[in-house]
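The values are calculated or read from the model by the stated rules, or taken from the named source; none is laboratory data. Given the structure is predicted, the values throughout are model-derived calculations rather than measurements. Positions of Cβ are backbone-derived with ideal geometry, glycine not excepted, and every protein chain shown enters the neighbour counts. All accessible areas refer to the heavy atoms of the entire protein, side chains included, with ligands and DNA or RNA removed. Shrake-Rupley method; radii C 1.70, N 1.55, O 1.52, S 1.80 Å.
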Amino acid sequence: MQYLNEHLLAGQIGHFFTILSFIASALATISFFKANQQQDNTLKQSWLRYARSLFLVETVSVVVIFSILYYIISNHLFEYKYAWQHSDRSLQTAYMFSCFWEGQEGSFMLWSLWHCVLGWILIWKAKDWEAGTLMVISFAQFCLASMLLGFYFFEAKLGSSPFALLRNEGILDGAPMFQDIATGGIRSDYLQFIKDGQGLNTLLQNYWMVIHPPVLFLGFASTIVPFAFAIAGLVKKDHGWVKQALPWAAFSGGILGLGIMMGAAWAYESLSFGGYWAWDPVENASLVPWLVMVSGLHTNLIYRSTGYSLRSTYLFYILSFLLILYSTFLTRSGILGDTSVHAFTDLGMNTQLLLFLLVFVIPSLTLYAFRHKQIPAIIKEESTYSREFWMFIGSLVLFLAALLIIAKTSVPVYNKLFGQQIAPSEDPEFAYNQVQVFVAIVVGLLTAVTQYLKYKDTPRGLFTRLIWIPTVIAVLIAAAISSFGDIHYNKMGLGFLVAIHAAIFASVYAVVTNAAYIFIGLKGKMKAAGASIAHVGFGLVLVGILISSSKKAVLSWNTTGIAVFQKDKREDPAENITLFKGMATDMGKYMVTYTKDTLNEAERKRFFEINFKAKTGNEEFALYPDLIKNNKGMEGFAANPASKHYWYKDIFVYISSYKENNAADTASFQSKSVTVGDTLFYSSGLMILKQVAVNPKEQQTRYSPGETALFLEMEVIAKDGRRYKAYPGIALRGNELRNLPDSVISQSLVLQFNKVIDQAKGKLELGVKESASITDLVTLKVYEFPMINVLWIGILMTVFGFWISVYQRVRKIKLVKV
């Protein structure tokens, strides 16, 4: 059947280059393998030329596939499942690239693209190690290309094609409007009924999600380079790769760390759990390989300077990449579906994902086991006053921390493999924190003192003479923070609070001693200070995490007594304050007013202007949290927080509930007879007529000169004990009477002075109306994060330190070659 208005050429080109990439990467793997095996240089160069040509074909294919998919998405070709599933016509151009990494296929393509970039740098720079490293990378490319094929072998599906047509995926089956009655298949003009796509997930419509995934996937991809050097070294029984791998490991540690913390920044700005890290399984799956890579980087430095820890370096570099593959399986197999909000949905590729993992795990660990005894190792134990001894201890602590994190994260895997039902902790954050706080203490202390030690051995007197002043300074600063910083996080008991204060000291110690070492040990040579700067940054990260988390305070305690939702695991009404539009409400330090809201059609968001005015001082500011309507079949709205940034704290706010009263007001006034001192009841409390006033000055803005005004002073007392004043009135001019009703918005109450029934007896008629349509209301959650900027500054310093280290290592390699 000929289907109308389909654009098939783009998909056909894309599919052709997918197959070409698959074949080229397979042939490139074989060619680089043959080149790596050759002893004759002429034959080796011949195989290398052939392999490079194939890698070029592979690279061009990946670029074309990427470009074709962008063309399909940006032109809204909804005959393709990927475009229909991940985009829509109203999506802003800035978020088009985010559609790539929302789906598994696009993220595999991004991963593959970065492998191509890294591969060409290795072809340019790796020299004798080109064949061995590119053999590994090309094989990884072969595996990634297989994920995009979308072929069926009998019942088994190989990959998922981003160029699959919507009509072939079974999505339209069963919907009468798409059915051709005569043939029983999809009608030829089905596209006329597909007006729009499902759209990009609302949580991904954020600028961080345009830049965070490419950086993170570059970090993922970069871990293959030290892995490839290690495998090439094991294959050739040659350990000379270690120096060349060192800058790559530093680059991988820096860029993967940056990508992880970009994700934390996205979570802080876009998610409403009130923080930047929640020990979510997907977060953990990216953190663990970074910890192992950093462990490998430090053991690599040990080997370069002393000859110790080569076996550990091999193991850590191998495991870092294997853990990337394991995290790929965890996040893409659907196994984390119930425990993570970030995981991909299951595409039915679990077997292939598992094979992708095992095809690297089994050969690499087997090869390492066979070659283990042939890897040089020094039998003599290191001195406890040597730098390498404590660097190795630090690496081991980081590695053990990684094992503990991945073990907890893998509980769903255990449950599935062994039919268990191990339940997650009721407080998953504390389950991790109660262990990792001690890791922070140990790593902080080791980071502080290790650089003051020399390799092989250190004179005791020299070590003490160099470190005592930074130690005293660190003790004074940490003591000041603990004494005057108001850190009283006793939610988890005294023991945990003591651990927090110990970790604060260890973190401050790391910052002070490493900053001092730049001048004491390096004589102010900043080009050689990459490690010290990275350690200062790491210490600041720990300080920022400890203070901002332990001093995080809820500001939005419910002072109105109004609860618009029930307490659950996510939200507690006691910690959320409800605001009525235009009405200032007491919120502890601030008077807070919901001023207005506006709908941004382009971004499809409703922004709320929330005005904060300090009760003391002149501080006043407005924040603009927003809501975006959920898509992809999800009900309700997703909240995007807003923050007020100070140098020493953030005020963080998000909308937890919103009610727009745009329905017609069907309630009517109920007339009640009342005299001064009488009490009337309404559904949420009572009201008392205190007095009747004629032309009161405090109400003169409500009546005109020449009018005689009568106002009733009503005291409204709600069930929760809160008291309000209301002044309904009437204004008389000759025979004309004008009603001046008043309302108590928070009680949904409107009062109207109707008339005087009996002037002699003081009997009056009051109209009472209870209406849910008086005004809009929002419910807010507001946090204060003290010193959170210390965390962000620490991240930037850490990454900067990594980059200085990369520069220095590359420069040293060049000098050696010269």
Separation between Cα centres of the range 716-769 and the range 242-268, rounded to whole Å
67
Taking the solvent-accessible surface of protein heavy atoms with a 1.4 Å probe, what is the per residue accessible area of the chain in Å²?
45
Any lysines whose Cα falls less than 21 Å from that of Lys81, other than same-chain ones fewer than 8 residues away, would be Lys157, Lys195, Lys632
Using alpha carbons only, how many degrees (0 to 90, rounded to 10) separate the axis of helix 130-146 from the longest principal axis of the chain?
40
Once you have a ≥ b ≥ c as the square roots of the Cα gyration tensor eigenvalues for the range 550-699, tell me rounded if a/c is under 1.5, and otherwise prolate or oblate according to whether a/b is larger than b/c.
prolate
Ellipticity estimate at 222 nm from DSSP helix runs (n ≥ 4, -39,500 (n - 2.57)) divided over the chain, nearest 500
-17000 deg cm²/dmol
Dipole size in debye (nearest 20) for the range 676-798 around its Cα centre, Lys and Arg Cβ +1, Asp and Glu Cβ -1?
140
Compactness of the range 595-661 - radius of gyration and Dmax, Cα, Å:
14.0, 47
What are the lysines whose alpha-carbon lies under 23 Å from the alpha-carbon of Lys34, with same-chain residues fewer than 8 places away excluded?
Lys44, Lys125, Lys127, Lys236, Lys237
Centre separation in Å (Cα based) which lies between the range 30-61 and the range 68-147
23
Taking every pair of alpha-carbon atoms in the range 183-313, what share in percent sits in each 10 Å bin, from 0 to the bin with the longest distance?
11, 31, 22, 16, 12, 6, 3, 0
Paired Rg and Dmax values of the range 264-343, which use every Cα atom, in angstrom:
16.1, 49
Quick one: Debye curve from the alpha-carbon atoms of the range 365-465 only, equal weights, vacuum; give me log10 I(q)/I(0) at q = 0.23 Å⁻¹ to two decimals.
-1.15
Solvent-accessible area, 1.4 Å probe, carbon plus sulfur percent, for the chain
61
Collect residues whose amide H, placed 1.01 Å from N in the peptide plane, falls under 5 Å from the amide H of Ser671; neighbours closer than 5 in sequence don't count.
Val768
Heavy atoms only, probe 1.4 angstrom, no DNA, RNA or ligands counted: give me Lys34, Lys527 ranked by accessible area, highest first.
Lys527, Lys34
Calculate the dipole size of the range 125-197 relative to its Cα centre from +1 charges on Lys and Arg beta carbons and -1 charges on Asp and Glu beta carbons; express the result in debye to the nearest 20.
180
Starting from the alpha-carbon convex hull of the range 77-127, give the projected area averaged over all orientations, in nm².
4.5
Cα-derived Rg to Rh of the chain, Kirkwood definition
1.07
With every protein chain kept in the model, how would you rank Trp111, Trp248, Trp557, Trp647 by accessible area, 1.4 Å probe, largest at the top?
Trp647, Trp557, Trp248, Trp111
What per residue convex hull volume, in Å³, do the alpha-carbon atoms of the range 163-234 yield?
169
Over the range 429-561, with a single point scatterer placed on each C-alpha, what log10 of the ratio I(q)/I(0) does the Debye formula yield at q = 0.15, 0.16, 0.19 1/Å?
-0.75, -0.83, -1.05
Hz values of 3J(HN,Hα) by residue in the range 460-477 - Karplus curve (6.51, -1.76, 1.60), Gly and Pro given as x:
4, x, 5, 4, 5, 5, 6, 9, 5, 5, x, 5, 4, 4, 5, 4, 5, 5
The range 489-581: relative contact order in percent, alpha carbon pairs under 8 Å with at least 6 residues between:
23
Between 0 and 90°, nearest 10: helix 387-409 axis offset from the chain longest Cα axis:
60
Trypsin sites (Lys or Arg not before Pro) lying in DSSP loop within the range 700-767, provided at most 14 other Cβ fall within 10 Å:
Lys719, Lys761
Pick out, in residue order, every one of the trypsin sites (Lys or Arg not before Pro) in the range 598-635 that is DSSP loop and has at most 16 other C-beta atoms within 10 Å; say none if there are none.
Lys615, Lys632
Cross-link reach from Lys697 to lysines, straight Cα distance under 19 Å and at least 8 residues apart if same chain, gives Lys725
How many percent of the alpha carbon pairs in the range 689-804 exceed a separation of 16 Å?
71
Determine ³J(HN,Hα), in whole Hz, for all residues of the range 273-287 in sequence, where each value follows from phi through the Karplus function 6.51 cos²θ - 1.76 cosθ + 1.60 and θ = phi - 60°; x replaces Gly and Pro.
8, x, x, 10, 8, 10, 6, 5, x, 6, 4, 4, 5, 8, 6
Given backbone amide H placed at 1.01 Å from N, residues whose amide H is under 5 Å from that of Asp180, ignoring those fewer than 5 places away on the same chain, are Gly185, Ile186, Arg187
Where does helix 208-222 land angle-wise versus the long Cα axis of the chain, in degrees 0 to 90, nearest 10?
20
Of Lys567/Lys589; Lys551/Lys605; Lys690/Lys755, which sit over 27 Å apart, Cα to Cα?
Lys551/Lys605
Out of the trypsin sites (Lys or Arg not before Pro) in the range 346-418, which ones are loop residues according to DSSP with at most 12 other C-beta atoms within 10 Å?
Lys380
Magnitude of the charge dipole, the chain, Cβ model with Lys/Arg +1 and Asp/Glu -1, debye to 20
3040
Counting only C-alpha contacts under 8 Å and six or more residues apart, can you give the relative contact order of the chain as a whole percent?
10
